[in-house]
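Right, one structure below, let's go through it.
The values are calculated or read from the model by the stated rules, or taken from the named source; none is laboratory data. Here the structure is a predicted model, which is why all the values come from computation and not from measurement. Don't worry about glycine lacking a Cβ; one is built from the backbone with ideal geometry, like all the others, and counts go over all protein chains shown.
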Amino acid sequence: MRYPCRSFGLTNEHALKAGARISTRGGFHWAKPEDLALEDTPAFRSIGDWAACDACHQLIDQGQIEALVQRVFAIFQRKDPRLTGTLDDLRFTFLFFDEVRTGPPTPIY
């Protein structure tokens, strides 16, 4: 399924330009893209829509975000067991995804 959503990123305060305006929604701090200075700051960015397989779509549809996080984490660990520190990053990413969705899912043909 295709999930329409706004682009978003995870970063730290050092990535904000001086005088950047921050708003709070859904328990997260938000800044406009033009207020970010990401050249030298590590960040995660998600650009545009997301896709989900049938199993992940079912978890999203049922609001089981933590189960989705655990499923994806298990898949990542099977591919590379060294990724033990990614669980919190995945959790934040899926929480943000849930916050920035802009409409219902549609089938991918």
Of the criteria (1) at pLDDT below 90; (2) part of a helix (DSSP H, G or I); (3) more than 13 Å from the chain's Cα centre (by Cα), which one Phe97 fails: (3)
Scanning for something farther than 15 Å from Phe28 by Cα, modelled with pLDDT under 85 and either surrounded by fewer than 15 Cβ atoms within 10 Å (Cβ to Cβ) or of a type in the set (Ser, Thr, Tyr) (or both), does the range 65-82 turn up at least one residue? yes
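Looking at the range 33-47 only, could you name the residues that are at pLDDT 80 or above and surrounded by 10 or more Cβ atoms within 10 Å (Cβ to Cβ)? Walk me through how you get there before you give the answer.
Taking the range 33-47 as the starting set, the residues that turn out to be at pLDDT 80 or above are 34-35, 46-47.
Scanning the range 33-47 gives Asp35, Ser46.
Does Arg91 qualify as being among the charged types (D, E, K, R), surrounded by 15 or more Cβ atoms within 10 Å (Cβ to Cβ) and at pLDDT below 95?
Working: among the charged types (D, E, K, R): yes; surrounded by 15 or more Cβ atoms within 10 Å (Cβ to Cβ): yes; at pLDDT below 95: yes.
In short, yes.
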Pairs returned, first residue in the range 25-37 that is in contact (Cβ under 8 Å) with a residue 24 or more places away in the chain, second residue that is assigned to a helix (DSSP H, G or I) and surrounded by 10 or more Cβ atoms within 10 Å (Cβ to Cβ), beta-carbon separation under 6 angstrom, 6 or more apart or interchain, are Gly26/Glu99; Leu36/Ala15
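Do we have Asp80 as among the charged types (D, E, K, R), more than 18 Å from Cys5 (Cα to Cα) and within 11 Å of the chain's Cα centre (by Cα) here? Spell out the reasoning first.
On the way: among the charged types (D, E, K, R): yes; more than 18 Å from Cys5 (Cα to Cα): yes; within 11 Å of the chain's Cα centre (by Cα): no.
Taking the combined requirement at face value, the residue does not satisfy it.
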Output the number of residues of the range 85-109 satisfying the condition of being touching a residue at least 24 places away in the same chain (Cβ under 8 Å), among the aliphatic types (A, V, I, L, M) and closer than 16 Å to Ile65 by Cα. 2
Counting just the residues of the range 48-64 that are free of Cβ contacts under 8 Å to residues at least 24 places away in the same chain and of a type in the set (Gly, Ala, Ser), which one comes out nearest to Ala31 (Cα to Cα)? Gly63
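Would you confirm, using the coordinates I've provided, whether Ile108 is out of contact with any strand residue (DSSP E or B) (no Cβ under 6 Å at 6 or more places or on another chain), closer than 19 Å to Cys5 by Cα and either outside any helix (DSSP H, G or I) or at pLDDT 90 or above (or both)?
On the way: out of contact with any strand residue (DSSP E or B) (no Cβ under 6 Å at 6 or more places or on another chain): no; closer than 19 Å to Cys5 by Cα: yes; either outside any helix (DSSP H, G or I) or at pLDDT 90 or above (or both): yes.
No; evaluated as a whole, the condition is false for this residue.
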